[in-house]
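Take a look at the structure set out below.
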Amino acid sequence: MFAHIRQEKSLRDIDIAFNAHANKLYHIGIQQCPKSTLADANERRDYRIYEEFAKALMQQARREYAHTQLALDVDNAVYALDASVIDLTLSLFPWAKFRKTKGAIKLHTMIDLRGNIPAFLTITDGKVHDVKAAPQVPIEADGIYVVDRGYVDFAWLWSIHQTHAFFVTRLKTSIKWTRVVSHPVDKSLGLRSDQEILVASVRLKKLYPERLRKISFRDETQGRTLVFITNNFTLPAATIAALYKARWEIELFFKWIKQNLRVKTFYGTSPNAVKTQIWIAMIVYLVLAILKERYHLEQSLSKLLHFLEVNLFEQKPLISIFQPNARGHREKHSNQLRLFDF
């Protein structure tokens with residue numbers, strides 16, 4: 001976590017930074033860690049320790065944001081699912097085969113749009129197609145799952161439908177369909193059509209035998225027409241289009257992680273070292289998200305991260321670092337606010 005917050009480039013840099021604060025380490029419960037000790041831990045300490053802790057923080061963060069209002073007019077929980085590739089040098093990471101001369105790993109992630117909190121994450125090699133990881137995603141009744149065209153697998157979409165949940169995605173142009181009925185639309189909102197359809201292929205009919213809702217929307221800013229499919233027949237067509245637009249939040253999540261934490265270069269070359277570093281990055285993100293919501297902090301996550309960076313070895317109440325607004329408050333009979341309530 002120290003290395004992520006300070007953006008240290010190597011284990012040697014971590015060692016140098018710790019040595020610079022050697023007189024403070026004992027008082028905060030940290031023994032001096034030479035580079036070799038850190039390297040050994042990277043290789044031998046099971047990454048699942050950090051994975052399980054990150055998953056516990058995911059649940060805690062989602063509880064913090066449970067009452068956050070979505071910008072969309074929906075009562076359901078809304079999730080965005082996507083994957084992001086992290087390139088690796090094949091000569092250093094021969095286990096992460098992606099293409100003939102290129103290595104990579106892939107982060108398959110689902111975020112809860114109430115707070116953009118990760119609700120699911122798994123790490124695979126770069127060759128695993130997005131939809132292959134989709135069956136691992138937990139589906140909850142009445143949830144809305146927003147995905148791009150890479151996840152159009154009708155067997156998986158049918159499993160979402162059977163769980164009494166909803167999906168919103170884009171229709172592939174190669175998929176043939178037949179119209180059952182058309183509904184009127186307000187073209188001033190950018191809508192072009194709202195139809196109930198059936199897939200035409202005999203094979204796909206076996207995978208998804210019921211009707212789908214097809215909505216066409218004209219995006220004038222990008223000069224293109226988008227065609228969505230969903231199994232939700234009750235929400236307004238404009239809301240379905242807005243739901244898909246909200247999928248962009250997961251792209252912003254990946255961008256923030258890559259720009260602010262160390263997930264593109266690694267302190268070790270083994271699978272364990274890489275997964276350890278990524279899961280600890282998630283822990284840092286989740287800690288910041290919990291702090292921001294619990295203490296009503298107005299600053300962005302990037303600013304909160306910077307405040308932590310320059311105050312890491314300061315002996316002061318945690319909340320005083322972030323200068324909370326008028327809604328922030330101290331708990332009675334406590335000099336230091338609690339961050340974790342397990």
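Brief remarks on what is shown
- Qualifying position, being touching a residue at least 12 places away in the same chain (Cβ under 8 Å) and closer than 14 Å to A77 by Cα, among Y151, Y145: Y145
- Selection status of I250, surrounded by 15 or more Cβ atoms within 10 Å (Cβ to Cβ) and touching a strand residue (DSSP E or B) at 6+ places or on another chain (Cβ under 8 Å): yes
- Whichever residue in the stretch 153-174 is assigned to a loop (DSSP other than H, G, I, E, B), closer than 17 Å to Y244 by Cβ and at pLDDT 95 or above and, among such residues, is farthest from the chain's Cα centre (by Cα): L171
- Qualifying residue in the stretch 212-224 (condition: under 30 Å from W279 (Cβ atoms), of a type outside the set (K, R) and buried (at least 19 other Cβ atoms within 10 Å of the Cβ)): no
- Residue match in the stretch 178-188 (condition: in contact with a strand residue (DSSP E or B) (Cβ under 7 Å, 6 or more places away or on another chain) and assigned by TED's automatic domain parsing to the domain that holds L88): no
- If you check K264, K275, K214, K258 for being in the same structural domain as I86 (by TED's automatic domain parsing) and out of contact with any helix residue (DSSP H, G or I) (no Cβ under 9 Å at 6 or more places or on another chain), only one passes: K258.
- Residues in the stretch 96-107 include none that are among the hydrophobic types (A, V, I, L, M, F, W, C) and touching a helix residue (DSSP H, G or I) at 6+ places or on another chain (Cβ under 6 Å).
- Hits in the stretch 181-196 (condition: in contact (Cβ under 8 Å) with a residue 24 or more places away in the chain and out of contact with any Asp or Glu (no Cβ under 9 Å at 6 or more places or on another chain)): D186, L189, L191, R192, D194, E196
- Counting only helices (runs of 4 or more DSSP H) that sit completely within the stretch 1-80, those holding 2 or more residues that are within 27 Å of the chain's Cα centre (by Cα), surrounded by fewer than 17 Cβ atoms within 10 Å (Cβ to Cβ) and not aromatic (F, W, Y) correspond to 35-44, 48-64.
- Identity of the residue in the stretch 122-142, free of Cβ contacts under 8 Å to residues at least 40 places away in the same chain and in a strand (DSSP E or B), that ends up surrounded by the most Cβ atoms within 10 Å (Cβ to Cβ): T124
The values are calculated or read from the model by the stated rules, or taken from the named source; none is laboratory data. Since the model is a prediction, treat every value here as computed from it, not as a measurement. As a convention, Cβ positions derive from the backbone with ideal geometry for all residues, glycine included, and neighbour counts pool all protein chains shown.
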